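Novice: Please find one structure pasted underneath; my questions will follow.
The values are calculated or read from the model by the stated rules, or taken from the named source; none is laboratory data. Because the structure is predicted, anything quoted here is derived from the model rather than measured. Positions of Cβ are generated from backbone atoms using ideal geometry, with glycine treated the same way; all protein chains shown enter the neighbour counts. The protein model used for the area step is the full one, side chains on, heavy atoms only, and it has no ligands, DNA or RNA in it. Shrake-Rupley method; radii C 1.70, N 1.55, O 1.52, S 1.80 Å.
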Amino acid sequence: MTQTQLDESVDYLNKRGFDAPEIGIVLGTGLGQLVDNIENPVEAHYNHIPHFPLATVEFHSGKLIYGTISGKKVVVMQGRFHLYEGYDFVDITYPIRVMHLLGIKKLFVSNAAGAINLNFKKGDMMLIEDHINLQGGSPLAFKGVSEFGDRFVDMSEPYDADMRKKIEHIAQKNGISLQKGVYASVVGPQLETKAEYRMLKILGADAVGMSTVPEVIVANHLRLPIVAVSVLTDECDPDNLQPVDIQEIIAIANKTEPKMIQLFKELILEI
Ligand code: HPA
């Protein structure tokens with residue numbers, strides 16, 4: 001990754017009409033319906049944007065969409081890049097840097113995750129308050145990182161307190177239940193063993209998934225305020241573990257997404 005490459009990606013998007021979006025949104029697995037709420041959408045497929053990693057996973061359509069939601073200019077990533085697809089940390093966070101250079105001032109992130117905290121049920125949403133990086137690396141561990149932002153990034157409060165408060169209030173006002181907790185990121189793509197779910201619980205995780213944390217680290221390095229919501233798609237009970245059904249995970253994410261869209265739309269209005 002070089003500054004010239006980033007500039008060329010941004011230049012391509014600017015020429016297609018991506019004009020100073022205020023908010024960037026990353027949509028997770030099974031969470032693509034939010035794009036139906038974008039007014040005057042302009043699309044750019046990942047594989048057409050210079051220097052973007054190539055999209056591979058079948059669950060994602062892989063495009064960047066610019067437009068307005070609740071009257072504000074947004075850029076939405078429909079589908080994200082994962083380590084388990086064979087990309088490295090720098091690849092998977094490249095789009096965050098591009099959105100930052102396009103001008104976003106805030107980042108919203110969503111994902112599908114497993115519930116480690118068994119007080120949480122599938123179909124619940126969880127506001128991420130903190131995280132544990134179990135992916136064995138960092139998107140900031142490369143030569144010349146300080147040319148792009150901070151190297152020794154403060155992570156004492158990686159998720160913006162003000163937006164967290166606002167989204168909690170929105171949930172309350174609309175009678176939407178929103179759990180809160182710690183998200184642990186793993187590489188995947190295999191799901192966890194019973195022993196691993198026990199370990200995650202002991203470590204203090206409330207949810208586990210295969211994304212988000214690298215994006216949040218880079219957003220902090222760029223000083224971009226973040227709000228992140230997990231849709232809990234399965235219950236990770238080591239004493240009664242059911243074989244995972246990826247189709248069910250996607251179906252539950254799909255079914256829960258309208259509530260997440262409502263939270264995000266109202267938050268866009270308020271910020
Ligand atoms: N583990 C890891 N990633 C996940 C899970 C899980 O149980 N559910 C959804 N994404």
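Novice: Quick one: if you stick a label point 7 Å off each Cα along the C-beta vector at K143 and N47, how many nm between them?
Specialist: It is 3.2 nm.
Novice: In the structure displayed, which of K121/K194; K73/K166; K63/K106; K72/K259; K72/K143; K106/K194 lie more than 27 Å apart, Cα to Cα? Intermediate results must be reported in sequence, preceding the final value.
Specialist: Details: K121/K194 18 Å; K73/K166 19 Å; K63/K106 19 Å; K72/K259 20 Å; K72/K143 36 Å; K106/K194 37 Å.
Too far apart for the 27 Å limit: K72/K143; K106/K194.
Novice: Follow-up question, since we're still on this one. Using a Förster radius of 30 Å, what is the FRET efficiency between A161 and N14 based on their Cβ-Cβ separation? Nearest 0.05, please.
Specialist: So the FRET efficiency works out to roughly 0.40.
Novice: Still on this structure: Enter the accessible area of E129 (Å², nearest 10), with the probe set to 1.4 Å and all protein chains included.
Specialist: My reading of the accessible area for E129 is about 70 Å².
Novice: Shifting gears a bit: Heavy atoms only, 1.4 Å probe, whole protein assembly: order Y87, Y46 by accessible area, highest first.
Specialist: From most accessible down to least: Y87, Y46.
Novice: A further question on this structure: I'd like the carbon and sulfur percentage of the solvent accessible area for region 160-271, probe radius 1.4 Å, heavy atoms only, ligands and nucleic acids excluded.
Specialist: Numbers: 2650 of 4980 Å².
So the carbon and sulfur contribution to the accessible surface is 53 percent.
Novice: In Å², and per residue, what accessible area does the chain have when probed at 1.4 Å with the other protein chains present?
Specialist: It amounts to 43 Å² per residue over the chain.
Novice: Which order do E39, E192 take when ranked by solvent-accessible area (1.4 Å probe, heavy atoms of all protein chains), largest first?
Specialist: These residues rank, largest area first, as E39, E192.
Novice: With every protein chain in place, what's the accessible area of S138 (1.4 Å probe, Å², nearest 10)?
Specialist: 40
Novice: Taking the Cα centre of each part, how many Å lie between region 57-108 and region 117-140?
Specialist: Rounded to whole Å, the Cα centres lie 19 Å apart.
Novice: Follow-up question, since we're still on this one. Provide the per-residue ³J(HN,Hα) series for region 18-32, in order, calculated from phi with Karplus coefficients 6.51, -1.76, 1.60 and θ = phi - 60°, each as a whole number of Hz, with x at glycine and proline positions.
Specialist: Coupling constants for region 18-32: 6, 10, 6, x, 8, 10, x, 10, 10, 9, x, 4, x, 10, x Hz.
Novice: Only Lys, Arg, Asp and Glu count, each charged at its Cβ (+1, +1, -1, -1), so figure out the dipole size of region 26-103 about its Cα centre, rounded to 20 debye.
Specialist: Details: 5 positive and 7 negative charges, 58 e Å.
Here the size comes out at about 280 debye.
Novice: Using a 1.4 angstrom probe on the protein heavy atoms only, line up D154, D237, D36 by accessible area, largest first.
Specialist: Descending accessible area places them as D36, D154, D237.
Novice: In addition: Between D154 and I176, what is 0.36 nm times their sequence separation minus the Cα-Cα distance? Round to one decimal in nm.
Specialist: 4.7 nm
Novice: Within the chain, what percent of beta bridges assigned by DSSP are antiparallel, to the nearest 5?
Specialist: The antiparallel proportion sits near 35 percent.
Novice: A further question follows. What percentage of all Cα-Cα pairs in region 78-157 are separated by more than 20 Å?
Specialist: Numbers: 1523 of 3160 pairs.
Beyond 20 Å sits 48 percent of the P(r) for region 78-157.
Novice: Given the convex hull over the Cα atoms of the chain, what projected area results after averaging over all orientations, in nm²? Show your work: numbers first, answer last.
Specialist: On the way: hull surface 52.3 nm².
With the hull built on Cα positions only, its mean projection is 13.1 nm².
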